[in-house]
Amino acid sequence: MSHEPETPRVRLLIVDDHPLVREGLRSRLQAIAWLEVVGEAGSAREALELIPQLHPGLVLMDVGMREINGIELTRLLAQRHPAVAVLVLSMYDNPEYVQQAMQAGARGYVLKDAPSADIIAAIEAVCAGGTFLSPAVSKRLFRGQAPKPLVSHRESEILACLADGLSSKQIAERLDLSVRTVETHRQNIKRKLGIEGQAELIKYAVEHGRRYREDEG
């Protein structure tokens, strides 16, 4: 009798400097069968120590931490542990914070007072390779003039490479990444920009290449 292999659970690390918040999040999330809360960190330094030990696939990140804040830590993780997805969970709905977090490499931004269903939906979206913004955040962010597309620093680097005519293999060599990681970034860029095919993505990169070279620098 054959058995279907179990879907591996998503390993989650909670990073927040308030113990009560961490405890509340753990209690809300540990009941989800496909999610495993592997640890908690009360500071950026602690998180940087735990990640190589615990190998989380997802970090649930607070913004307002002492010393190194969540946005700076997100930027560090994008550089040191690019395979780890970051979902920001914050009490601030300030559009500037949202843009900074997403540009630092976060895959989503959810408010702490959001319903549990929103937080779970955000985790599902991010784990599937997508992005997520709380509805309240989206309303504030996109009110009035549309902002610059929210791409991370790494995605800006890849767009700049595409503008230079490089293939995924060449981009991987230039940025010291795997080809698979480059392809994942390309898919995320297309999703964020609402672009369908590879040709359209390259056309966009060429037309807007100067802006992304400035970001890369």
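We did not get these values from a lab; they are worked out from the coordinates using the rules stated. Computed from a prediction, not measured in an experiment: that's the story for all the values here. When we count neighbours, we look across all protein chains shown, and the Cβ atoms used for this are built from the backbone with ideal geometry, even at glycine.
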Practice task
Using a cut-off of under 19 Å, list every residue of the range 40-75 whose amide N is near the label point 7 Å from the Cα of residue 136 along the Cα-to-beta-carbon line.
Solution key: 61-65
Exercise for the section: Determine the relative contact order of the chain: mean sequence separation of Cα pairs under 8 Å and six or more apart, normalised by residue count, in whole percent. Expected result: 14
Handout entry: Paramagnetic reach from residue 68 (point 7 Å along Cα→Cβ, amide N under 18 Å) across the range 76-105
Key = 76-89, 101-105
Problem - Of every Cα-Cα pair in the chain, the percent that sits beyond 28 Å - result: 30
Exercise for the section: Using label points projected 7 Å from each Cα along Cα→Cβ, tell me how many nm separate residue 113 and residue 206, to one decimal. Expected result: 4.9
Practice task
Please identify, among 108, 194, 57, the residue showing maximal mean-square fluctuation in a Gaussian network model of the chain using a 10 angstrom Cα cutoff.
Solution key: 194
Fill in the blank from the handout: If unit charges are put on Cβ atoms (+1 for Lys and Arg, -1 for Asp and Glu) and the dipole of the chain is taken about its Cα centre, the option from 131, 27, 88 lying farthest towards the positive end turns out to be 131
Exercise for the section: May I ask for the angle, rounded to the nearest 10°, between helix 70-80 and the longest principal axis of the chain, with both axes built from Cα atoms and the value confined to 0 to 90°? Expected result: 60
Exercise for the section: Give the relative contact order (percent, whole number) for the range 62-119; include only Cα pairs under 8 Å separated by 6+ residues. Expected result: 34
Exercise for the section: Using a cut-off of 13 Å between beta-carbons, work out the net charge of the residues near residue 58 (Lys and Arg +1, Asp and Glu -1, residue 58 not included). Expected result: +1
